[in-house]
1. For B:F66, tell me the accessible area in Å² from a 1.4 Å probe, rounded to the nearest 10.
2. Output, in nm with one decimal and in ascending order, the distances from the B:A110 label point to the matching label points of the other copies (7 Å from Cα along Cα-to-Cβ).
3. Calculated from DSSP H runs of 4 or more alone, at -39500 (n - 2.57) each and per residue, what is the 222 nm mean residue ellipticity of the protein assembly as shown, nearest 500?
4. At A:G90, label 7 Å along Cα→Cβ: distances to the other copies, nm, ascending?
5. Over the range B:28-157, what is the relative contact order in whole percent, taking alpha-carbon pairs under 8 Å and six or more residues apart?
6. Select the chain A residue whose beta carbon lies nearest to the rotation axis carrying chain A onto chain B, and write the distance in whole Å.
7. How shielded is A:28-39 by partner chains, expressed as the average number of their Cβ atoms within 10 Å of its Cβ atoms?
8. Binning at 10 angstrom from zero up to the longest distance, how are the C-alpha pair distances of chain A distributed in percent?
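The values are calculated or read from the model by the stated rules, or taken from the named source; none is laboratory data. Keep in mind that what you see is a predicted model, and the values were worked out from it rather than measured. We place every Cβ from the backbone using ideal geometry, glycine too, and count neighbours over all the protein chains shown. Note: areas computed on protein heavy atoms with side chains; ligands, DNA, RNA excluded. Shrake-Rupley method; radii C 1.70, N 1.55, O 1.52, S 1.80 Å.
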2 protein chains.
Amino acid sequence: MEMLDKGMPATPSETVQRAWARLIKAQRSALGRVERALKSAGLPPLAWYDALLELERVGARGLRPFELERAMLLEQYNLSRLLDRLEKAGYVERRACADDGRGNVVVITASGKAMRRRMWPAYAAAIEDAFGRHLSEQQAKNLDALLGALIARPHST
Amino acid sequence: MEMLDKGMPATPSETVQRAWARLIKAQRSALGRVERALKSAGLPPLAWYDALLELERVGARGLRPFELERAMLLEQYNLSRLLDRLEKAGYVERRACADDGRGNVVVITASGKAMRRRMWPAYAAAIEDAFGRHLSEQQAKNLDALLGALIARPHST
DNA sequence: TCTATATGCATGCATCTGCATTTACATGGA
DNA sequence: TCCATGTAAATGCAGATGCATGCATATAGA
């Protein structure tokens, strides 16, 4: 985890500190609202949607857990357990992987696709309510660009 | 939790969806890195810092838990337990509240102040590394403004 | 004053997460 | 072929979180 401490503590500017605090709070606020909306609609949590979406996109060929892990920026053990839950709910299947005996391939089931579709309206409304409606198109674009610079793989660097 | 479903599902635009996904990932990525940096330095998690900072700012008069809850945008039970941990660690004290027999007043201790001070260098370096260094001053300012629009009290609306 | 309801905070229980470790297989030498 | 090392994924355990609820007190209204 070394962070090249070449001497000085690298204190972020006041502006950066403010933006940092806002990032934490804005995300917690918005994400919390979305999760609560889903739950109150009797639907599974957000992570299920994201995983199902990724899996639906690639279709029958499926994804290796480590691919999904990278796409979703999840820790390995979190993904492993998310897959446990999705599998137990019947939304995905883990199939033995032909190329690599250690791994498996995760494929979405028909009922998984159905659940994803069923989640979308509630999810969409919640995103719009907690997030979208506070921003113009242009602002959303700018925000997207600014945040893009921040995303890095867990553990990298 | 009704969300005024006046008919249509209020689907967010593509742009908003992308920005939303980025917000989740950027925050998870950056926050994860900061938490790991703190932990690997043998320090308590971020929330402790934030709470101690708020408490230090108000000094000896302290804060009611519900005030802290609002400042930090935490759920009531999460704050209650955070205070349990902080209290057990000796960093805060819960004192009976004179005005209101139901509540109490939380005050930071000397050792709490010391811990906050001790955390700052590692925390600052981590923020800078995971966040600040990716942004110019102007970008940080813009990001801060954009995120400001998103913050809302949990449960409100 | 008495009663209904709201507020401040805590807590039991189930679930989820973080961390370290384990298991299984893969791969590249010697 | 055998071993050392690396990588994919799962898992035991401890700690954190979400939820529902409990308890004590406050407050407003009859």
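1. Counting only protein heavy atoms, the figure is 90 Å².
2. So the distances to the same position in the other copies read 7.2 nm.
3. -20000 deg cm²/dmol
4. Distances between equivalent label points, in nm: 5.6.
5. The value is 30 percent.
6. A:Q27, 2
7. Whole-number average of other-chain Cβ neighbours for A:28-39 is 4.
8. Pairs per bin, as whole percents: 9, 29, 32, 20, 9, 1.
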